[in-house]
Each structure stands twice: as structure tokens, then as C-alpha cells.
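Take a look at the structure set out below.
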Amino acid sequence: MSSTGDHTLAVEGLTKRYGDTVALDGVDLTVEEGEFVAVVGPSGCGKSTLLRVLSGLEEHFEGRAAVDGVDVRDGGSDAVGMVFQEPRLLAWADVRENVAVGLPSGVDRGDAAARDRVDDLIETVGLDGFAGSRPSELSGGMAQRVSLARGLAYRPEVLLLDEPFSALDQLTKYEQQDNLLEVWAEQGTTIALVTHDVEEAAYLADRVVVLGGQPGTVETVVDVDAPRPRDRTDPELLAARDAITDALGL
Ligand SMILES: Nc1ncnc2c1ncn2[C@@H]1O[C@H](COP(=O)(O)OP(=O)(O)OP(=O)(O)O)[C@@H](O)[C@H]1O
Ligand SMILES: [Mg+2]
């Protein structure tokens, strides 16, 4: 994708209610072009709600949310890709077709280059050999990786990821985190990633936004200054993890 927007995310005074439930209360957040920001917080604090607002799925909220320089209420930008917390795969389609759904709309899916791209993505997420499998034949972690490949197929300039690695075993999770960092470095993508995993947030992000409570408010923002490529045992990462854990009251 190639947009003329500024590839940023901007949220100001965002309050989102579902009936009597206040999911988010006065949240401010900016993500600069090419920045990698993680959002952490306890279950139910509004992390998915924040991404849903940014991806244009929620019409009713107070405050302002803009992606790629375009207000989400004005239709948003087509430079945005979203990987949902649940894989949301097409049950009747195989892995190859499910990934191909994510290709940009102008692309002919039968085209050799498009087929190669899909096969590359399937390999990247470690599912070669399963291209012809249907979602019902996959484990939860495999389905999650199909969803991730579908989100990357679009080559979005702004990528919203909702707990994309939560169903993966530790080794696969590490591999997929590193794959995502490669994509980010190669494509200069702006990323907002929601996770429960404090270690993951510190390893991946430039900044970690800690949401607290119910309703969700920003407790603190932790800068992660460790140089890249990162070593998982870097003391800077351990310090960032401690700061995030403290902010979460753990
Ligand atoms: N469609 C909805 N209708 C009513 N309430 C909702 C809806 N979606 C979310 N909520 C409520 O909004 C709050 C925030 O939900 P959200 O899914 O954003 O939390 P979360 O931080 O993503 O949680 P988790 O870590 O468990 O995924 C919760 O109290 C939830 O019950
Ligand atoms: Mg969620």
C-alpha cells in the first residue's frame, strides 16, 4: 500500500461507553510514523476497544481519533491493517485463500507474484505444509498465525495488532516476534500492538503505554531505550519490564 497520509496514530480525550460500561476514559495517545508502540493493561481495561476505535469499527465515542492523518469518522485511511484478537478466518476457505483475502483489493489473486507473496507469508508464519488446510484442521496458535499472515499481506503502513501472539508457545512466539520486527524494519510500518505480555511489550516496542483500571485510562508511558537489534537479556529491557510491572501494580 502507498498512502499520502502521515502514517501516524492520534487519539485525544477518547472516551468510549457501552451502555453503562465506560470502556475508555479520556485516553490520549500518539504514535509517530515508523514508531512501534505497545499497549498493555489488565483484561477488560479497553485495549481492544482502543484498536477498534482506531480501525474505524466504532462510530460512537467522545474525543478524537485519527489514523494516517485522517479522522476515523471521516472514513479513515486505507493504509491501515488490523489483526484481531480472534483469528476470524473464513471456515470454508483453506489457509492459502484466507491469507490471500488480505492482499490489496487491486491485486489479482491468481497472479504468480500474488501467489508467491502468499506462499512466502505462509512460510514466514511457519505454516508451510498447511496451505491447503481448512481452519477446522488448525490449532488455535496456527489459526492465529494465519490471521497474522493475512494482516501482513496488505503491507499496511499503519498496523494494529491485538494480542497477535497470545496463543503461541514460547519458541514460536519468539520467532514470530522477530519476524514482525523484520517486517517493521523493512517496511517502516507504524505499529500499535496490544498485549498482556510485559516481556513482549518491552522487547518489541519503542514505547509502552500502560492502561490501568476499568475504565481504561493511561497510567504511564514507559520508554524502552535498549538498542536494536535487541538482546532479550539486555538490562534495559529488564528495567523497562520492572517499570511496566510496577505501573500495573503487579
Ligand atoms: N460490544 C460490547 N458491548 C458491551 N460491552 C463491551 C463491548 N466490547 C467491550 N465491552 C466492555 O468494554 C470493556 C473493555 O473491553 P475490551 O475488550 O476493550 O477489553 P480488553 O482490554 O481488550 O480485554 P482483554 O485483555 O480481555 O482482551 C469491558 O468491560 C467489556 O466488557
Ligand atoms: Mg482485548
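The values are calculated or read from the model by the stated rules, or taken from the named source; none is laboratory data. Quantities reported herein were computed from a predicted structural model and do not represent experimental measurements. In this analysis, Cβ positions are derived from the backbone assuming ideal geometry, glycine residues included, and neighbour counts consider all displayed protein chains. Quick note on the areas: whole protein, heavy atoms, side chains included, nothing else; ligands and nucleic acids left out. Shrake-Rupley method; radii C 1.70, N 1.55, O 1.52, S 1.80 Å.
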| Over the chain, relative contact order from alpha-carbon pairs under 8 Å, at least 6 apart, % | 27 percent
| task | Compute the distance in nm between two label points, each set 7 Å from the Cα along the Cα-to-Cβ direction, one at A91 and one at D231. | result | 5.0 nm
| said: Once each part is reduced to its C-alpha centroid, what is the distance from segment 179-250 to segment 127-145 in angstrom? | reply: 28 Å
| Lys, Arg +1 and Asp, Glu -1 on Cβ, resulting dipole of segment 108-190 about Cα centre, debye, nearest 20 | 260 debye
| note | Charge dipole of the chain built from unit charges on the beta carbon (Lys, Arg +1; Asp, Glu -1), centred at mean Cα; most positive-end Cα among T195, G129, W92 is W92
| request: Using label points projected 7 Å from each Cα along Cα→Cβ, tell me how many nm separate R73 and D169, to one decimal. | output: 4.9 nm
| remark: The size of the Cβ-based charge dipole (Lys, Arg +1; Asp, Glu -1) of segment 83-124 about the Cα centre, to the nearest 20 debye, is 140 debye
| Whole-number D in µm²/s for segment 90-155 (Stokes-Einstein; Kirkwood sum over Cα pairs; 10 °C, 1.306 mPa s) | 139 µm²/s
| note | Expressed per residue, the solvent accessible area of segment 90-155 in Å² (1.4 Å probe) is about 49 Å²
| message | Going by average Cβ density within 10 Å per residue, which order do the peptides 185-194, 18-27 take, highest to lowest? | response | 185-194, 18-27
| Sum of -39500 (n - 2.57) over DSSP H runs of 4+, divided by residues of the chain (222 nm, nearest 500) | -9500 deg cm²/dmol
| Given a 1.4 Å probe and every protein chain left where it sits, what share in percent of the accessible area of the chain is carbon and sulfur? | 47 percent
| query | Under a 5 Å amide H to amide H cut-off, with H placed in plane at 1.01 Å, what residues pair with G26 once short-range neighbours are removed? | reply | L14, T15, K16
| field | Considering only the chain, percent of DSSP beta bridges that pair antiparallel, nearest 5 | value | 50 percent
